[in-house]
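The values are calculated or read from the model by the stated rules, or taken from the named source; none is laboratory data. Fair warning: this is a prediction, and the values are worked out from it, not measured in the lab. Note: ideal-geometry Cβ built from the backbone for every residue, glycine included; neighbour counts use all protein chains shown.
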Amino acid sequence: MSDIQRLNGSFEMPQSINNKSIITGRGPVATFMDYQLELISFTKGTGKISLNFDGYDECHNLEEVIEKYNYNKDADEEFTSNSIFCSKGTSYSVKGSEIKEYMHIDVEELINKYLKK
């Protein structure tokens with residue numbers, strides 16, 4: 001369980017079934033990529049891990065990843081960070097940095113409204 005925390009994961013309370021501990025949780029692929037080898041090593045081959053895709057989540061080390069891969073969100077022309085807005089039957093592209101200027105709703109107000117439910 002300390003390894004899961006060290007690798008920026010989270011987990012539910014462990015279950016014991018037939019003298020085996022089962023831990024269910026989530027963790028980033030980047031930190032768990034080689035964990036199976038580590039687990040096999042310190043359990044002398046008796047530990048097993050099963051990893052399944054569980055969706056996307058916020059990156060726990062965003063700045064590090066951006067710097068490491070020299071990520072530029074505007075460099076991918078096919079999958080831009082722009083949004084498409086519609087007005088009077090036509091659509092137009094708006095840069096991510098300019099979206100708030102074009103929005104007709106207060107996003108913070110909307111988020112707070114639904115988080116309070």
### Query
Got at least one residue in segment 60-75 being touching a Pro at 6+ places or on another chain (Cβ under 8 Å), under 15 Å from Leu7 (Cα atoms) and without any contact (Cβ under 8 Å) to a residue 60 or more places away in the chain?
yes
### Task
Residues being out of contact with any Phe, Trp or Tyr (no Cβ under 8 Å at 6 or more places or on another chain) and assigned to a helix (DSSP H, G or I): count how many of those fall in segment 87-117.
15
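Sort out which residues of segment 10-47 are among the hydrophobic types (A, V, I, L, M, F, W, C), outside any loop (DSSP other than H, G, I, E, B) and farther than 20 Å from Glu64 by Cα, and write them in order of number. Break it down into steps so the answer makes sense when it comes.
Step one: of segment 10-47, the residues among the hydrophobic types (A, V, I, L, M, F, W, C) are 11, 13, 17, 22-23, 29-30, 32-33, 37, 39-40, 42.
Keeping just the survivors that are outside any loop (DSSP other than H, G, I, E, B) gives 11, 17, 22, 29-30, 32, 37, 39-40, 42.
Matches in segment 10-47: Phe11, Ile17, Ile22, Leu37, Leu39, Ile40, Phe42.
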### Query
If you take the residues in segment 20-36 that are more than 17 Å from Asn61 (Cα to Cα) and not charged (D, E, K, R), which one is modelled with the lowest pLDDT?
Ser21
### Message
Could you check segment 60-74 and list, in sequence order, the residues that are surrounded by fewer than 10 Cβ atoms within 10 Å (Cβ to Cβ) and assigned to a loop (DSSP other than H, G, I, E, B)?
### Response
Tyr69, Asn70, Asn72
### Query
Tell me, which residue of segment 1-19 that is under 19 Å from Glu58 (Cα atoms) and among the polar types (S, T, N, Q) is surrounded by the most Cβ atoms within 10 Å (Cβ to Cβ)?
Asn8
### Query
Which one is nearest to the chain's Cα centre (by Cα) among residues in segment 31-54 that are of a type in the set (Val, Ile, Thr) and farther than 15 Å from Leu7 by Cβ?
Ile40
### Task
Could you check, for segment 48-59, whether at least one of its residues is out of contact with any helix residue (DSSP H, G or I) (no Cβ under 6 Å at 6 or more places or on another chain), surrounded by 10 or more Cβ atoms within 10 Å (Cβ to Cβ), free of Cβ contacts under 8 Å to residues at least 60 places away in the same chain and not in a loop (DSSP other than H, G, I, E, B)?
no
### Task
Would you check which residues across segment 75-101 are loosely packed, with under 10 Cβ neighbours inside 10 Å, at pLDDT 85 or above and under 24 Å from the mean Cα position of the chain (by Cα) and list them?
Ile84
